[in-house]
Amino acid sequence: MKNTKKNTVTFREGILSVTLFAYGSSAVMGINLRIEQDAWIAILAAAVITIPFFLIYSRIIVLFREKNLYEISEILLGKIGGKIVSALLTWYCIHLAALVIRNFSEFIQISSMPETPQIPIAIILMLTSAYLASSNMRSVGKWSVVCIFIIFFLMIFTFAASIKHFKIDDILPIMEYPLKKIVMSSILVVSFPYLETVVFLCIGETLKKDCKPHRVHLYSLSLMVIMFLMVFFRNITLLGRKMMEISYYPSYLTARIIEVGGFATRMEGSISLNFLIGGITKIVVCIMAAANGLKSIFNFANYRTMVLPSALFALALSTILYSNTMEMYNFIKYYAIYAMPFQIVIPIILWIAGEIYTRKKNKAPLN
Amino acid sequence: MNKRSARKACFLLLSIIICLYLTGCWNYRGLDQMNIVVGIAVDFNKAENLYDLSFEVASLAGANKESGIVGRIINAQGKTIFDAIRNAKRKEADKLFFGSPHVLVINKYLASEMGILGVIDFFLRDGEGRESMCVAISQEETAAIIIESTEGAIEMVSVNLHEIMREEKNIMGSAAQMEMYKIFSELSSKKRSVLLPALRKVKNGDSIVSEANGSAIIKEDKLVGFLNPDQSKYALMAQGELKSSIITLGLTHNLANDISLEIFKNKAKKSYKIEDGKIKVKIEVENHVAVSENQSFINLKDEKEVEKVEKAAEEKINKNIQSVVSTMQERYNADVFGFGEMIYKRDLKFWEEISERWDEIYPTLEVEVKSKVKIRNTALIM
Amino acid sequence: MFKFLSKMREKKEREMEDTFSKFNDPFKEIKVSTLLEDNMDMCKKSFSDMDVIKFREIKSQKEDSFKAFIVFCGGMVNTDTIGTNIIKPLISCNFAKDNIDIDAILKGTLQVVDFSTTDSFDKIVESVMSGDTVLFIEGCFKAAVLYTKEYSLRAVEEPENEKVIGGPREGFNESLAQNLTQVIRRARTNELKTKILTIGRRTKTEVCVCYFDSLVDKDILKDLLIRLNSIEIDAILDANYITELIGDHRYSHFRTTGYSERPDAIVAKLLEGRIAIFIDGSPMVLTIPYLFIENFQSSEDYYFNFYYSTFARLLRIAAFFLTIMVPAIYIATEAFHQEMLPLQLLIRMAQERQSVPLPAAIETVIMLIVFDVLRETGVRMPSNIGQTLGIVGALVIGDAAVQASLIAAPMIIVVGVTGITSLLVPRLNSPIIFWRFFLLFLSATFGFFGFTIGTSLLFIHISNLTSFGVEQICLDANFSLRNIKDIFVRAPINLMVNRPDSLTSNATRQLEENVNE
Amino acid sequence: MVIIIILVLFVSISIYNWFTLLKSSGTLERIVYFSLTFISFVILILHSFDVKIPSPTNGIKFVIESFFESIKEY
């Protein structure tokens, strides 16, 4: 009876779900930045770039407790401005969900089921996510706890298989690629998994009141960095840099060649579930955020009725996004720029406006 | 709310799945509808410009539970590798299944003229294929002959060969087993050459079987030559990749060698320095060994005598590695030890300067070999 | 859910007023008359065509004007009591017709342990039907209800379904009073509250809500009472009727109430702050709220050494997952991911499959159904035929089918493992059957991808489950030792200081003081 | 085949969701719900008939390329 009514997650669940969200599709797409052994620099640099933005996100949460980005923008930018911003953000959430659905259906088709068309795969992926999204946030919290344990287990398991082959030579020479290219790559990392967590702001009222949001963000950022570095080192050690470079799904390929004690080989079928649960989390959060957006644009009482239509729309969108896999990969660089307004511009505007708004509000009673 | 949506989602999924199930399953393939490929041999028919592939598949029909499973060969020709694989289906009711092939044997002419990367591309690309299969070069006229089983065989040849190559590294070290994905990664890194196992047919008792016979040198994806088992052992030792092996010494001027040393641990370190514009490479090899055979009546209780044995072993190793290295440099110009890669990793700028001329520089490198042998014990008796 | 509850409450209040007036036939309005003749006629009319009902007229030996008669239901009463304690004193009494005081008679003359008076025929009918004797006296406008219940009952014996090796052997039987006795005997304190409700329009079944006043969560208790009171049904014949009527998720295959036939188990649950519901006529006692982990707990866990109990509990948890996943995993590897099998195994399985006519997925479905048929038959059959069944199962299906190449041998292993493990968790029977086939279908269409999706759905479903507002899975990221003490492991008893805190208002066991010393 | 699956999906959604929706929600909610569902349905059906539908990806690419010329080379 006690904590069930509250649609909130605890501090640690918050960290884990944010991490899982970011880990989601990057795990399967791989931290594949076309800069071979220098990728780890990009991962770390990206984390440093991300920190101020994460602090801004946390500040927004602190300023407007229990409100989501849509409500905040309506407070700050007025009714019409707020609705426009909400519509943009909703579009971004749905688009992101569609991108992830497409990534995964593409991955599953290539990796294990070449003859199965993508639509049925996408449909059951979408339905599962819609089911979780229409449950409450606490179920998402539990889901992340369990999933992160599975992911960690598999990661450590595969990492352990690589650690005895690891040589420091593998990441030499440092900075082979020009600085410009490395910076570009880190911008990709910033926009691709890290800053996508802006979607969490769109759900709102998820974190328990006593948690400090900046700690949630920073903890999960460090977890993400650790996981991405582990993935990177594992892949480069086991696959070799060239093989890692040319594969669409390096982690999957790594799973294929791991052998344990000579009898357990080719476990990729079971290890790809690791990618899948990350992907589901990401789709779920996006759909929830999109449904929340629709709710605040049209002033509905409950976001749950909007879950299924947004999921369906994301599904439909995912089928027409790309005409082939290569296009999907090439889109990543465009995505970095495309996502900037949603990940950076809107939050910064809202933050500044929010600071001014709260100052004014605090002053008002004194006069 | 949850209740209702839960029910809904379940019903929904169930109905869709049942629908799918009734209308057919795309990727469902029964185990009974497949030929399990365990080995592949690739030849090239120059006259007709076709790839000539032989597959060893597990022959299930004749086998019963008591006897072992033998392989049978399926031959197919095609304009590309994949074409040949699909052509094989014309003769067989069941599709070929490439989930667990163990070896890929490549014809030596094909390897020396057309290169091996083209051949392995299909197997790396295919979702079903196995990146970790062993690649070997046939020393016989065709590759197909290697995986052909002889009269009275009780096991599949390819599985056997895979075991032989796998164990070779741990027991004799005369052939360098290498997985497909590693070959790809190594060959595409800086001007590197690799060693692959070489296979031939020999007489063994009444039958003719395949055996590992040293290594094939692949330079920039083309075969340039072979090393005999002894040479490849020292080549591996210089790379520090030997798991175990034997060094024999002849100390007392007998006709035969009289001491066997069993290697337990092999470490190698490469370094380079530039002196007067010349690159000097140093290979330091360290071996931990045990005396496992002593026909020479040398008193191994005496530490001085032991030191003598160590010295002799060190000299032998130095000499042999030196000779392998110079063969590589002068005869084949193949950088199997990864000197170029070492320079690239340590000093990127320098490498960029010299990488264009690496093929000229490599044969002129001064290589110094320094080995160290430590006798750990003398087994059970003195 | 708030909405749901408040709706329920409103509905209930509205209906409490007019419920009884609506359906309780003609007797409701009729009161006991002072004339014995009228009462007798009324009784005869009420119990017309009911030959088990006995009437006995009584005349006093000493006072002619004293007339009375008793009504009781043959077979449900103790005839000795009626004879010696009711009829005999009445015959020998000397009250006059005009100064009759029914209370004095009840208190002074009759020798029964419990009595009450009533003037409504409605009540009288109910009393007679439940084994009491009703006494009418000439000149009285009230009838006396005398306690004479006695009916034959099953003896207290060890429950068949929850046999244990260690621990008490007593089990509940079908009498509410006796069941309560067994519980009260184990918890001799006035903190143990028992509230009796009557549910069922026709059966008028007594349902007793039992809890520890100091431990129970008052919100849950209130919620339960509201739900019980809003039950509208003809008959309550077993505990499962109540389960299905008050559960949180009526259409889920998972339970939302616990049950046990063992008084010791019920007392243990009560002591954790749970509420027990006794239903007259059912040996099953329900407990709420129900946590998911209770599916894997057994009362025996607490009667054995904790190392062994922990092992057994982990085994049960593993068995649950095995029994729903093994067929699915088998199909996924067999039909989609053959490369996962080591070569030797792959070849052996392919060999087995060569001569088998059906696709593996359909074969699995058939075999699983066959297994369930065998199991169901075994349950319904007299125990001496059970052995024959075993032979049929093992020989015909196991051996002959494989010999005839109708079924592949690995399938027998898969079905065997699936079947045996399902027996380890009897409380999860219905979800197991549903999810097993669900996962199987998904795996047969999408391989491991489908399997993962199915498993995710299972997990989401379980994490959505609640029981009386309490989450069935309390999976916090804040895993503390305190929370897992009685979940995945069974901690030593001296360490189990706390009750599960989502259930109770008083989370500390009394034991703590002893531990601290 | 795919068309059948899509039809089944939408039919079952309509059976299990629309009726409850019709009973218990406002007009606007219904309009949004049905329009989104309908758009998705049309897109999916057209896609499975191999009708080329303009993808938002191309628009995004076009806009970004006209702002940042150099991205093509990266």
Taking segment D:1-32 and the residues there that are facing another protein chain (nearest Cβ under 7 Å) and under 17 Å from A:ILE297 (Cα atoms), the one that is surrounded by the fewest Cβ atoms within 10 Å (Cβ to Cβ) would be D:LEU28
Inspect all residues belonging to segment C:384-406 and state whether any of them is of a type in the set (Ser, Thr, Tyr) and part of a helix (DSSP H, G or I).
yes
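Give the residues of segment A:241-257 that are open to solvent by less than 50 Å² (accessible area, probe 1.4 Å) and either at pLDDT below 80 or part of a helix (DSSP H, G or I) (or both), sorted by residue number.
Restricting attention to segment A:241-257, the residues satisfying the condition of being open to solvent by less than 50 Å² (accessible area, probe 1.4 Å) are A:241, A:243-245, A:247, A:249-257.
Passing the criteria: A:ARG241, A:MET243, A:MET244, A:GLU245, A:PRO250, A:SER251, A:TYR252, A:LEU253, A:THR254, A:ALA255, A:ARG256, A:ILE257.
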Failed criterion for C:LYS163 (all others in (1) at pLDDT below 85; (2) open to solvent by less than 20 Å² (accessible area, probe 1.4 Å); (3) under 30 Å from C:LEU270 (Cβ atoms) hold):
(2)
Please specify each residue of segment C:254-278 satisfying the condition of being of a type outside the set (Val, Ile, Thr), outside any loop (DSSP other than H, G, I, E, B) and open to solvent by less than 20 Å² (accessible area, probe 1.4 Å).
C:GLY258, C:SER260, C:PRO263, C:ASP264, C:ALA265, C:LEU270, C:ALA276, C:PHE278
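I'd like to check which strands (runs of 3 or more DSSP E) are fully inside segment B:224-309 and have at least 1 residues that are in contact (Cβ under 8 Å) with a residue 12 or more places away in the chain and among the charged types (D, E, K, R).
Output list reads B:259-275, B:278-294.
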For segment A:78-124: of the residues being within 12 Å of chain B (Cβ to nearest Cβ), open to solvent by 10 Å² or more (accessible area, probe 1.4 Å) and of a type outside the set (Ser, Thr, Tyr), which is nearest to A:TYR329 (Cα to Cα)?
A:ILE110
Can you find, within segment A:260-289, the residue that is modelled with the lowest pLDDT among those that are open to solvent by 20 Å² or more (accessible area, probe 1.4 Å) and closer than 22 Å to A:SER129 by Cβ?
A:SER270
Go through segment B:82-120 and give me each residue that's assigned to a loop (DSSP other than H, G, I, E, B), of a type in the set (S, T, N, Q) and modelled with pLDDT of 85 or more.
B:ASN107
Inside segment B:125-222, counting only strands (runs of 3 or more DSSP E) that do not spill past its ends, which hold 2 or more residues that are in the same structural domain as B:TYR109 (by TED's automatic domain parsing) and over 10 Å from the mean Cα position of the chain (by Cα)?
B:193-204, B:207-219
Of all residues in segment A:176-204 being in a helix (DSSP H, G or I) and small (Gly, Ala, Ser), the one that is surrounded by the most Cβ atoms within 10 Å (Cβ to Cβ)
A:SER185
Taking the condition of a type in the set (Ser, Thr, Tyr), open to solvent by less than 30 Å² (accessible area, probe 1.4 Å) and either at pLDDT below 85 or in contact with a strand residue (DSSP E or B) (Cβ under 7 Å, 6 or more places away or on another chain) (or both), does B:SER207 pass?
no
From (1) assigned by TED's automatic domain parsing to the domain that holds B:GLU131; (2) at pLDDT below 85; (3) surrounded by 14 or more Cβ atoms within 10 Å (Cβ to Cβ), pick out the condition that doesn't hold for B:GLY62.
(3)
Does segment C:464-474 include one or more residues that are more than 12 Å from chain A (Cβ to nearest Cβ) and either surrounded by fewer than 24 Cβ atoms within 10 Å (Cβ to Cβ) or of a type in the set (A, V, I, L, M, F, W, C) (or both)?
no
Confirm whether C:ALA401 is touching a Gly at 6+ places or on another chain (Cβ under 8 Å) and aliphatic (A, V, I, L, M).
no
Over segment A:290-324, the set of residues open to solvent by 20 Å² or more (accessible area, probe 1.4 Å), assigned to a helix (DSSP H, G or I) and more than 7 Å from chain D (Cβ to nearest Cβ) is A:LYS295, A:ILE297, A:ARG304
Against the conditions (1) more than 8 Å from every other protein chain (Cβ to nearest Cβ); (2) open to solvent by less than 10 Å² (accessible area, probe 1.4 Å), where does A:VAL345 fall short? Just the number, please.
(2)
Write out, first by first residue and then by second, each pair whose Cβ atoms fall under 9 Å of each other, whose residues are 6+ apart or on separate chains, and whose first residue, in segment C:445-459, is under 14 Å from A:ILE280 (Cβ atoms) and in the same structural domain as C:MET325 (by TED's automatic domain parsing) while the second is among the charged types (D, E, K, R) and at pLDDT below 90.
C:PHE459/A:LYS142
Tally time: how many residues in segment A:64-77 are of a type outside the set (Lys, Arg) and open to solvent by 30 Å² or more (accessible area, probe 1.4 Å)?
6
Residue under evaluation B:ASN75, criteria (1) part of a loop (DSSP other than H, G, I, E, B); (2) open to solvent by 70 Å² or more (accessible area, probe 1.4 Å), criterion not met:
(1)
Looking at segment B:165-179, which of the residues that are surrounded by fewer than 22 Cβ atoms within 10 Å (Cβ to Cβ) and in contact with a Ser or Thr (Cβ under 8 Å, 6 or more places away or on another chain) is modelled with the highest pLDDT?
B:GLU179
Strands (runs of 3 or more DSSP E) within segment C:107-218 that include 1 or more residues within 17 Å of the chain's Cα centre (by Cα) and assigned by TED's automatic domain parsing to the domain that holds C:ASP264
C:192-199, C:205-212
Identify all residues within segment D:33-67 that are in contact (Cβ under 8 Å) with a residue 24 or more places away in the chain, under 12 Å from the mean Cα position of the chain (by Cα) and more than 7 Å from chain A (Cβ to nearest Cβ); write none if there are none.
D:PHE41, D:ILE45
Could you look through segment C:332-384, keep only residues that are open to solvent by 50 Å² or more (accessible area, probe 1.4 Å) and of a type in the set (Lys, Arg), and pick out the one that is nearest to the other protein chains (Cβ to nearest Cβ)?
C:ARG348
Looking across segment B:106-148 at residues that are surrounded by fewer than 22 Cβ atoms within 10 Å (Cβ to Cβ) and of a type in the set (Ser, Thr, Tyr), the single one that is nearest to B:VAL224 (Cα to Cα) is B:SER112
Residue check: is B:ASN299 surrounded by 14 or more Cβ atoms within 10 Å (Cβ to Cβ) and either charged (D, E, K, R) or more than 27 Å from B:ILE217 (Cα to Cα) (or both)?
no
Would segment C:430-440 turn up any residue that is part of a helix (DSSP H, G or I), more than 10 Å from every other protein chain (Cβ to nearest Cβ) and open to solvent by 10 Å² or more (accessible area, probe 1.4 Å)?
yes
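The values are calculated or read from the model by the stated rules, or taken from the named source; none is laboratory data. If you're wondering where the values come from, they're calculated on a predicted model, not measured in any experiment. Because the Cβ atoms are built from the backbone with ideal geometry, glycine has one as well, and the counts that use them run over all protein chains shown. These accessible areas exclude ligands, DNA and RNA; they are computed on the full protein's heavy atoms, side chains included. Shrake-Rupley method; radii C 1.70, N 1.55, O 1.52, S 1.80 Å.
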